[in-house]
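The values are calculated or read from the model by the stated rules, or taken from the named source; none is laboratory data. Since the structure is predicted, the reported quantities are computational estimates derived from the model, not experimental observations. Cβ: placed from backbone, ideal geometry, glycine included. Neighbour counts: every protein chain shown. Areas reflect the complete protein model, heavy atoms only, side chains present, ligands, DNA and RNA absent. Shrake-Rupley method; radii C 1.70, N 1.55, O 1.52, S 1.80 Å.
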Amino acid sequence: MAESPRRRAVLDVLRAAPAPLGVTETAERLGVHPNTVRFHLDALVAEGLAERRAEASTGPGRPRTVYTVRPGMDRGGARGYLLLARMLLSRWTSADPAEAREQAMGTGREWGRFLVDPPPPFERPTAQRSVTRLLALLADLGFEPEPAAGAAPESASGPAPESAPGGDRESASEPGPVAAGEDTPERIRLRHCPFLELAEEHGELICPLHLGLIQGALDRLDAPLAATRLEPFAEPDSCYAHLSAAGSAPRDPGKGTRR
């Protein structure tokens, strides 16, 4: 609709008419050819914005096809989802910072488990398969992910997790061994943030939410990997999610539950 002024004009004519209109009547009111109007009317019906029906015939011949606006709120108007997100986040920012970050991570984990499909029961989870599925999920969400340099996850003696925004450390389970021969990255580069404006304003919440989402997805995949930390804006155009070999932490009782 936003890219077709003519279609918007056709819809406005239908909306202003006191009764359903046929193709010819609509074309006369717009001063265009009936075939042009017919094309846009069919498109409006396909988009669910208009309804088509046949009028009861009062004489010989085929019944006349007429169009009317589908009842309901106009779905072609502007949206304010960014404002809505800011309003909802304001509830978290007024709470205790540490508690708010933990709630954001918990929310991310739940959605990470929900958004990814678990591996088939006959398939042994491997680091490589898990990373492939994680990258597919992150790509679908708009993060434009790519494996970063590194042939193996961090070992137990690797660098300690850095402080997340706000000063708290976000960590996963204790690192453990990775199956030999796995060609897995130690980092995932995120070249786009689908919540960029919110991350710039509320990175102390959005970044832990992203980390939790990755952790929840890996958990759902039974991956032998864990996401240990997220480096927001590590480069001017990228964030980095760091991976580690997963340990033998107790299984999350909520794991595997589709919400």
Worksheet entry | Sparse-neighbourhood loop sites, GluC sites (Glu not before Pro) in region 1-83 - DSSP loop, at most 15 other Cβ within 10 angstrom | Glu3, Glu47, Glu55
Worksheet entry | Two-site FRET efficiency, Arg8 against His192, from Cβ-Cβ distance with R₀ of 41 Å, rounded to 0.05 | 0.85
Fill in: With every protein chain in place, region 5-69: carbon and sulfur % of accessible area (1.4 Å)
52
Fill in: For Ile206, net neighbour charge (Lys/Arg +1, Asp/Glu -1) across residues whose Cβ lies under 12 Å away
-2
Practice prompt. At 1.4 Å probe size, with every protein chain present, just tell me what the per residue accessible area of region 5-69 comes to in Å².
Written response: 60
Response to the item:
So for region 5-69, using the alpha carbon gyration tensor with a ≥ b ≥ c as root eigenvalues (a/c under 1.5 gives rounded; past that, a/b versus b/c decides prolate or oblate), I'd call it prolate
Discussion item. What do you get for trypsin sites (Lys or Arg not before Pro) in region 58-149 restricted to DSSP loop and a cutoff of at most 11 other Cβ within 10 Å of the site's Cβ?
Written reply: Arg75, Arg79
Worksheet entry | 14 Å beta-carbon shell around Pro120, net charge (K/R +1, D/E -1) | +1
Worksheet item: Could you give the dipole magnitude of region 1-120 about its Cα centre, charging the beta-carbon of Lys and Arg +1 and that of Asp and Glu -1, in debye to the nearest 20?
Response: 300
Worksheet item: Where the only charges are on Cβ atoms (+1 Lys, Arg; -1 Asp, Glu), what is the dipole of region 5-69 about its Cα centre, to the nearest 20 debye?
Response: 60
Worksheet entry | Theoretical FRET efficiency, 1/(1+(r/R0)^6), r = Cβ-Cβ of Phe114 and Glu201, R0 30 Å, to 0.05 | 0.70
